[in-house]
Amino acid sequence: MAKDVKSQLTSLLQQALERVAAEAGATPIYLERPRDPTHGDYATNLAMQLAKLLKKNPRDIAMQLVSAIPASVLLQKAEVAGAGFINFTLAPHAKLQAVRAVLVEGENYGRSTQGGWQKVQIEFVSANPTGPLHVGHGRGAAYGASLANLLTFAGWDVTREYYVNDAGRQMDILGLSTWLRYLEQCGVAIPFLPNAYQGDYVRDMAAQMRVAHGDKLVRPATQVLAGTPGLPEAERSDDEAKRQRDQHLDALIANAKALLGADWAYVHHHALSEQLADCRNDLEEFGVDFDVWFSEKALFDTGLVARCVDLLEKKGHLYVQNGARWFRSTTFGDEKDRVVQRENGLYTYFASDIAYHLNKFERGFDKVINIWGADHHGYIARVNGAITALDLDASRLQVALVQFAVLYRNGQKASMSTRSGEFVTLRELRKEVGNDACRFFYALRKSDQHLDFDLDLAKSQSNENPVYYIQYAHARICSVLNQWAGDLASLAEADLGVLDNPRELAIASKLAEFREVIDNAARELAPHLIAFYLKDLAGEFHAWYNAERMLVDDPQLRDARIALAAAVRQTLRNGLAILGVSYPESM
RNA sequence: GUCGCGGUAGCUCAACUGGAUAGAGCACCGGCCUUCUAAGCCGGGGGUUACGGGUUCGAUUCCUGUCCGCGACACCA
């Protein structure tokens, strides 16, 4: 496959650079696409970059570069403009090269070798399996899935991973919540806790346990509540009341474990597996798949957490204070030291996370990407510190923060607390807005920026969602191709030279840009760039569609236009596939 | 208080290593369906890029100060 036009152009400039100023031959050459079409198809600021180095007027350098550029059939003209830009106008046939490339390469058009088939792990979603996924998780899921597709397309060997927090207190609370609902359904009156999980799904799980085991798991209220401090008044929200509620909750968990014995493991496991299955099903329906579901509990069971802490101890990065064991993360730029083992002997979440990252690196990934909610940003320094402390290369870890989607309902911020049970679930959103609009809507914003998700608007305007604009372009092309009813495979041989109107050449040029967008998006971990690109491409297609007829009498012109349309369709498909959005043939 | 993200048209957002006259969609106004899908197209109005200073050939972009919004700052996960 011949090199694309942009790289050919870059190499022409490189030759000119070496003729004009060999000593500056290593200056990176950037070609950009000018906003203003009168500035040609590509432009470079190379002369301005050289100006300081060569101590010469940028326009003079630009002139010299232009005259030093080897003759090429690709170029219609190269001229100096503005403060020292060099603007390139491509010959029409050079622009049309991309159309043939799309038709020949098909679903592989746009793939690049950027990643060099290095192994990259992307860990995302990783929500606690304590209830349904909500709209905030949905954003991380959409981002991670699209990014994984994108990096695969850009030549990386991608592993998609979900870290299951199945070891902590939150899981105990879920188990307890389920058991309390079960007791309630069996007629044992115990006041339900404000800080337990409230959702209906907890009642459902309790009902399932009752069906499976009858009253076998029932214990008397007096025993369940034995030794608990009781609850403060419901309206109190001060720290003291909060502490008392937590103590009450923990006492109940301890009682549950003691009273149920081996059955506690069943309750715990039942709740976990139900929630995890629900979560997996939800994600699958959303087009989000994982290669690995990694258990936090396994890190404890295999002793890796303990080994990890020992390792840090041996390397002298730990100390004991107030009965707890601390990691001296300030050595590595963190603002304060962090506890890895609590006074009560239990490891913190941070400890297992260090072990998890050690495990990731030991699995031999060249690059590890963590997609975290933006609320975890304070966490980056300590994890990087721990990795460095273990003599691993922290630069191989990249953390992509996803800002929360802030929900608005009836013009008011909607609660996102899983515990309150008043959240909007991802499933509800998908059902009302549709998977395609959902995936695309999430992809329309840079991941590290706030997303105001107005539910009413998203629902009421679903017909105006830009995803339909793109899908509509695709459907229109399908319709024309059906009516043409020719042999698609023959289009790659069509004589495109008759495509000479500006809209057609602009579209061809836009198709070439797809490669650049893929590379750029992969480098920036920014799949949203693809969404913007697709909007542009669809827009140019719609304008052309309204201005010109494809099924004209002249067979040569007709086939050339059909070929162009087919190339647009293919490129739309390739882009939409990365975003996990479908491309219906009719709408 | 410290840290992170942000402040661009009435609203939601773009603007590629710092580039040339800051662009789209929605909303508003006016046009286009006897011809391949009107979920479309064409045209119009709408801006001191929050504010001050700095860096330079050039700043929405980088630095700095102020103001405003959101979030994070646990021996929680």
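The values are calculated or read from the model by the stated rules, or taken from the named source; none is laboratory data. Here the structure is a predicted model, which is why all the values come from computation and not from measurement. For neighbour counting, all protein chains shown are included, and Cβ atoms are generated from backbone atoms with ideal geometry for every residue, glycine included. To get the accessible areas, we keep the full protein, side chains included, count just its heavy atoms, and leave off ligands, DNA and RNA. Shrake-Rupley method; radii C 1.70, N 1.55, O 1.52, S 1.80 Å.
Past 31 Å, Cα to Cα, is the threshold; run A:Lys216/A:Lys431; A:Lys52/A:Lys510; A:Lys119/A:Lys446 against it and keep the listed order. Walk me through the numbers before you get to the answer.
On the way: A:Lys216/A:Lys431 38 Å; A:Lys52/A:Lys510 34 Å; A:Lys119/A:Lys446 25 Å.
Long pairs (Cα-Cα over 31 Å): A:Lys216/A:Lys431; A:Lys52/A:Lys510.
Could you please put A:Trp117, A:Trp179, A:Trp326 in sequence from largest to smallest accessible area, using a 1.4 Å probe?
Details: A:Trp117 165, A:Trp179 0, A:Trp326 55 Å².
Putting A:Trp117, A:Trp179, A:Trp326 in descending order of accessible area: A:Trp117, A:Trp326, A:Trp179.
Taking the Cα centre of the stretch A:510-587 as origin and charging only Cβ (+1 Lys, Arg; -1 Asp, Glu), how large is the dipole, in debye to the nearest 20? Each step should come with its number before you reach the end.
Values: 9 positive and 11 negative charges, 30 e Å.
Charge dipole, the stretch A:510-587, about its Cα centre: 140 debye, nearest 20.
Any idea what the relative contact order of chain A is, in percent, if you count C-alpha pairs under 8 Å spaced at least 6 apart? Display every interim value, and only then the final one.
Numbers: 903 pairs, mean separation 98.2, N = 587.
Contact order relative to length: 17 percent.
Note down the accessible area of A:Glu362, probe 1.4 Å, to the nearest 10 Å².
Only protein atoms counted, so the area is about 130 Å².
Where the centre of each part is set by its Cα atoms, how far does the stretch A:570-587 sit from the stretch A:51-89, in angstrom?
One Cα centre to the other: 40 Å.
Test of understanding: what is the full-extension gain from A:Glu32 to A:Ala83, defined as 0.36 nm times their sequence separation minus their Cα-Cα distance?
Values: separation 51, 0.36 × 51 = 18.36 nm, distance 1.57 nm.
Using 0.36 nm per residue and subtracting the Cα-Cα distance, I get 16.8 nm.
I'd like the per residue volume of the convex hull spanned by the Cα atoms of chain A, given in cubic angstrom.
Values: hull volume 119.0 nm³, N = 587.
Enclosed volume per residue, from the Cα hull, is 203 Å³.
With angles folded into 0 to 90 degrees, how steeply does helix A:239-260 sit against the dominant principal axis of chain A? Use alpha carbons for both and round to 10.
Once rounded, one gets 70 degrees.
Step through the residues of the stretch A:66-79 one at a time and calculate ³J(HN,Hα) from phi using the Karplus curve (6.51 cos²θ - 1.76 cosθ + 1.60, θ = phi - 60°), rounding each to whole Hz and writing x for Gly and Pro.
4, 6, 8, 6, x, 4, 8, 6, 6, 9, 7, 7, 10, 9
With just the Cα atoms defining each centre, how far is the stretch A:243-306 from the stretch A:151-213? Give it in Å.
7 Å
I'd like the accessible area for A:Lys56: 1.4 Å probe, protein heavy atoms, all chains in place, Å² to the nearest 10.
A:Lys56 exposes around 90 Å² with every protein chain in place.
With labels modelled as points extended 7 Å from the Cα through the Cβ direction, what inter-label distance (nm, one decimal) is found for A:Thr222 paired with A:Asn195?
Distance between label points: 2.8 nm.
Would you kindly calculate the mean projected area, averaged across all directions, of the convex hull enclosing the Cα atoms of the stretch A:170-277, in square nanometres?
Working: hull surface 26.3 nm².
Computing the convex hull of the Cα atoms and averaging its projections yields 6.6 nm².
Using 1/(1 + (r/R0)^6) with R0 = 51 angstrom and r between the beta carbons of A:Ala91 and A:Asp366, what's the FRET efficiency to the nearest 0.05? Walk me through the intermediate numbers first.
Details: r = 40 Å, r/R0 = 0.79.
With R0 = 51 Å, the Cβ-Cβ based efficiency is 0.80.
Quick check: with the 1.4 Å probe, what order do A:Val120, A:Val292 take by accessible area, largest first?
Working: A:Val120 0, A:Val292 40 Å².
Ranked list, largest accessible area first: A:Val292, A:Val120.
Rounded to the nearest whole Å², what accessible area per residue is found for chain A with the 1.4 Å probe?
Numbers: 26240 Å² over 587 residues.
Ligands and nucleic acids excluded, the figure is 45 Å² per residue.
Please report the spacing between the Cα centers of the stretch A:226-241 and the stretch A:321-383 in Å, no decimals.
Here the answer is 32 Å between Cα centres.
Per residue of the stretch A:138-144, in order, report the coupling 6.51 cos²θ - 1.76 cosθ + 1.60 (Karplus, θ = phi - 60°) as ³J(HN,Hα) in whole Hz, putting x for Gly and Pro.
x, 5, x, 5, 5, 5, x
If you place +1 on the Cβ of every Lys and Arg and -1 on the Cβ of every Asp and Glu, how big does the dipole about the Cα centre of chain A come out, in debye to the nearest 20? Intermediate results must be reported in sequence, preceding the final value.
Working: 63 positive and 73 negative charges, 178 e Å.
With only Lys, Arg, Asp and Glu charged at Cβ, the dipole is about 860 debye.
What percent of all Cα-Cα pairs in the stretch A:5-90 falls in each 10 Å bin, counting up from 0?
Computed distribution, short to long bins: 19, 59, 22, 1.
Along the charge dipole of chain A, Cβ charges K/R +1 and D/E -1, which of A:Gly378, A:Cys478, A:Gly575 sits furthest on the positive end?
The one lying farthest along the dipole's positive direction is A:Gly378.
Assigning unit charges at the beta carbon (Lys, Arg +1; Asp, Glu -1) and nothing else, what dipole magnitude in debye, to the nearest 20, does the stretch A:170-277 show about its Cα centre? Could you put the intermediate results ahead of the total?
Working: 10 positive and 14 negative charges, 65 e Å.
Approximately 320 debye in magnitude.
Leaving out ligands, DNA and RNA, what percent of the accessible area of the stretch A:170-277 is carbon and sulfur, probe 1.4 Å?
On the way: 2650 of 4970 Å².
Exposed carbon and sulfur together represent 53 percent of the surface.
Suppose accessible area is computed on protein heavy atoms with a 1.4 Å probe; arrange A:Arg573, A:Arg328 from highest to lowest. Don't skip to the answer; put the middle values down first.
On the way: A:Arg573 50, A:Arg328 85 Å².
Highest to lowest solvent-accessible surface, that is A:Arg328, A:Arg573.
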